[in-house]
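Visitor: Shown below is the structure under consideration.
Values in this text are rule-based calculations from the coordinates and carry no lab data. Source: prediction; values computed, not measured. Every residue, glycine as well, gets a Cβ built from its backbone with ideal geometry; the counts of neighbours run over all protein chains shown.
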């Protein structure tokens, strides 16, 4: 991005996005939570999954695909395990609420597992992790979208499931380790962005309809279309395929709703688990191990001239610190995509620093 | 393997391995469990992690690195969460016992999570999965060996952790899905076998001390040595690295014992979780989703002439059926490696079919 790109204070972007969602009918306290987590994603540098999604969310609030108001339904609750039907309320808000409950329950039971069916999209998983790690809890969060297929099973070129993100937040005595990966070689967001620009991906992360690896998003528009490759690609993609299946089982099997129901609404099956190290070997013993490992990895030998090893989350936390201090540079087309909504909903545009 | 390779009945191999462990001082009912799970691994075709490990286990029983008798210690027990100190008893036996307890606890609490510190090696993770899936339960099982380092963090060539296997058993209405992957591009067992034969690996799954991908096990003997690559390799290895870290947190952080303690004993940190779909959306709803996904994946389009997609476990279950019917062909050097023990311990060698 050009260095003269305007910067916006996190508080100002929170205010702006809160106003947009509230004006679109979301109760203000929920709007503030959704806004905060989208801006958190931008602050961490996950710029396909922050305010970039705001216009689509507003579209869906208007069409009713995302419910602005209403409540989720508790399908099951055994204390350590909970299932909700999300009624296609904001997945960001639902996930935030589930984490709040999960943290309480994990303190009581040692672990808490919550799965949500029929949630709307839940955006950037990494943004949720500090909600648990800040309290000394480990969190695992996964989602899939049963209305979308983008990734092919190993050996096939026909899309059958989503990239299926898996995020894990791990406390240490200092910065947490924040993992946010998918079971596919690349993401739908990045592929769509490169396709929009007419550019190739940085690696052969797609498969064409002849079963060949490709870096060209055009293979997804062929007849028959290709697909995203599972993590591991043509060589070791049985492993990414296996991870994707695990996440399907957790996010569709556990809540008892998914692809087999043929949903057409943009949405998510959500699985989250929070674990309290105090119920196991103790938080100090836990962070002694995780901190030691992080130090060992950061100090591992690298080839001459190469950058030192970074732990997952190191980059995101550094970007977030920078954003907190100096504001966020938004990805170029984001405010443009929101301009019609800003006008229609009568919201004050964000003022740059 | 040559087609005239002798075949052994599963019951006969169980008898033989039970006799060996019992003669080495393991209580007979424990010896039978260890034997059965090693032979199960061979039956599934995981032939580096079945009876191939028997001679090493007998060595360790003799040296005392594996405790033949004695009890594990309960470090913590909150019902849904349990921690044991395994006292370096057989990891196969400990894991089997933990799964029995975990299945009971999962029925009561919805999920049960058990972590074990200071277990001895736990062999092939896939072999344990049917113990839970046969009861309609989902199981996740992971381990790491804090006394060994073989895999480099992403960006480095210096080994800092183990391949860190992750196995997941998922019930369907028919055959279960049996996942057994590692967070590394290949395994130590396969690499050692290829090195012993003076052969190259089938892919560039190692990294040399210049940071280049390699298929030559000799890079592990260089000065300084290279390492196994994380899943995803030089391209997407940040994802495999992330998975490895997650497994380290679960297997060392949770039980509160691991690399930071500098253990030298061959052993394992073990993490297992059993989840009862009945506590979530119900077993029928669960298997409806998982079975539908399996059918969709098996039927996914493949390039002309290619084999259909296999679900994880399809191959292992087919091999197990074949072994049950026609006996097991053991990997060539296995009985040879056990011959000195057979004689020393006065055990009757296995009789082939």
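Visitor: For the protein assembly as shown, what is the mean residue ellipticity at 222 nm derived from helices alone (per DSSP H run of n ≥ 4: -39500 (n - 2.57); sum divided by total residues; nearest 500 deg cm²/dmol)?
Guide: Helix-only estimate at 222 nm: -11500 deg cm²/dmol.
Visitor: With a/c under 1.5 counting as rounded, go ahead and sort the protein assembly as shown into rounded, prolate or oblate using the C-alpha gyration tensor (a ≥ b ≥ c being the square roots of the eigenvalues; past the cut-off, prolate if a/b is larger than b/c, else oblate).
Guide: Prolate, since a/c reaches 1.5 and a/b exceeds b/c.
Visitor: Using Cβ contacts closer than 10 Å as the measure, can you line up B:182, A:87 from fewest to most?
Guide: Values: B:182 25, A:87 16.
Ordered from fewest to most neighbouring Cβ atoms within 10 Å, B:182, A:87 come out as A:87, B:182.
Visitor: What does the structure give for A:221-231 when I average, per residue, the other chain Cβ atoms found within 10 Å of the residue Cβ?
Guide: On the way: counts 0, 0, 0, 1, 1, 0, 2, 0, 1, 0, 6.
What the average comes to for A:221-231 is 1.
Visitor: For region A:56-171, what is the relative contact order in percent, using Cα pairs closer than 8 Å and at least 6 residues apart in sequence? Show your work: numbers first, answer last.
Guide: Numbers: 191 pairs, mean separation 22.7, N = 116.
Result for region A:56-171 is 20 percent.
Visitor: Along Cα→Cβ at 7 Å, what distances in nm separate the residue A:100 label point from those on the other copies, shortest first?
Guide: Distances between equivalent label points, in nm: 4.4.
Visitor: For region B:70-298, what does the alpha-carbon gyration tensor say about shape, rounded, prolate or oblate, given a ≥ b ≥ c as the root eigenvalues, a/c under 1.5 as rounded, and a/b over b/c as prolate?
Guide: oblate
Visitor: While we're looking at this one, here's another question. Estimate the FRET efficiency between residue B:134 and residue A:192 by the formula 1/(1 + (r/R0)^6), using the beta-carbon distance for r and 60 Å for R0, to the nearest 0.05.
Guide: Plugging the Cβ-Cβ distance into 1/(1 + (r/R0)^6) gives 0.90.
Visitor: Can I ask one more? With the label 7 angstrom out along Cα to Cβ, how close does residue B:339 come to the same site in each of the other copies, in nm, nearest first?
Guide: For residue B:339, the inter-copy label distances come out at 8.3 nm.
Visitor: Let me ask something else. Counting partner chain Cβ atoms within 10 Å of every residue's Cβ in B:154-165, what's the average? Kindly include the intermediate steps, with their values, before the conclusion.
Guide: Values: counts 6, 9, 10, 5, 7, 2, 7, 3, 0, 0, 0, 0.
Mean number of neighbouring Cβ atoms from other chains: 4.
Visitor: Then there is this: What residue among A:134, A:19, A:42 shows peak mean-square fluctuation when chain A is described by a Gaussian network model with Cα springs under 10 Å?
Guide: Among A:134, A:19, A:42, the largest mean-square fluctuation in the Gaussian network model of chain A belongs to A:134.
Visitor: Still on this structure, I have one more. Which of A:325, B:12, A:40 comes first, and how do the rest follow, when ranked by fewest Cβ neighbours within 10 Å?
Guide: Fewest-to-most Cβ neighbours within 10 Å comes out as A:325, B:12, A:40.
Visitor: Determine which residues of region B:257-278 fall in the zone a paramagnetic label at residue B:344 would reach in this model, i.e. backbone nitrogen under 20 Å from the point 7 Å along Cα→Cβ.
Guide: B:265-267
Visitor: What is region B:189-247's relative contact order, in percent, from Cα pairs under 8 angstrom and six or more apart in sequence?
Guide: Dividing the mean separation by the residue count of region B:189-247 yields 23 percent.
Visitor: Only bridges whose two residues both fall in chain B count here: according to DSSP, what percent of them are antiparallel, nearest 5?
Guide: Bridges in chain B that DSSP calls antiparallel: roughly 85 percent.
Visitor: Relative contact order for chain A using alpha-carbon pairs under 8 Å, separation at least 6, rounded to a whole percent?
Guide: Relative contact order for chain A comes out at 23 percent.
Visitor: Moving on to the next point. What does the C-alpha gyration tensor say about the overall shape of region A:200-294? Classify as rounded when a/c is under 1.5, otherwise prolate if a/b is larger than b/c, or oblate. Walk me through the numbers before you get to the answer.
Guide: Values: a/c = 3.28, a/b = 1.61, b/c = 2.04.
Verdict is oblate for region A:200-294.
Visitor: Using the 7 Å Cα-to-Cβ label point, sort the distances from residue A:202 to its equivalents in the other copies shortest first and give them in nm to one decimal.
Guide: Label-point distances to the other copies, shortest first: 3.0 nm.
Visitor: If you don't mind, there's one more thing I want to ask. Under a GNM of chain B (C-alpha, springs under 10 Å), which listed residue has the highest mean-square fluctuation: B:113, B:73, B:172?
Guide: Of the options given, B:73 has the highest mean-square fluctuation.
Visitor: Any idea how far the Cα center of region A:279-329 sits from the one of region B:104-143, in Å?
Guide: With region A:279-329 and region B:104-143 each reduced to a Cα centre, they are spaced 30 Å.
Visitor: Students often check this: by mean Cβ neighbours within 10 Å, which of A:186-193, B:147-154 ranks highest, and how do the rest follow?
Guide: The peptides rank, most packed first, as B:147-154, A:186-193.
Visitor: Now, a different point. Give me the distance between the Cα centres of region B:54-92 and region A:66-88, rounded to whole Å.
Guide: The distance from the Cα centre of region B:54-92 to that of region A:66-88 comes to 41 Å.
Visitor: Connecting C-alpha atoms closer than 10 Å in a GNM of chain A, tell me which of A:309, A:26, A:168 has the biggest fluctuation.
Guide: Residue with maximal mean-square fluctuation among A:309, A:26, A:168: A:309.
Visitor: Just checking the output field for B:110-116: average partner chain Cβ neighbours within 10 Å of each residue's Cβ?
Guide: 5
Visitor: If you rotate chain A onto chain B, whose Cβ in A ends up lying nearest the axis, and how many Å away is it?
Guide: A:80, 2
Visitor: Then there is this: If each residue of separation counts as 0.36 nm, what is the full-extension length gain between residue B:101 and residue B:310 once their alpha-carbon separation is subtracted?
Guide: Values: separation 209, 0.36 × 209 = 75.24 nm, distance 3.18 nm.
Contour length minus the Cα-Cα distance gives 72.1 nm.
Visitor: Which of A:246, A:254 has the fewest other C-beta atoms within 10 Å, and how do the rest follow up to the most?
Guide: The fewest-first ordering by Cβ neighbours comes to A:246, A:254.
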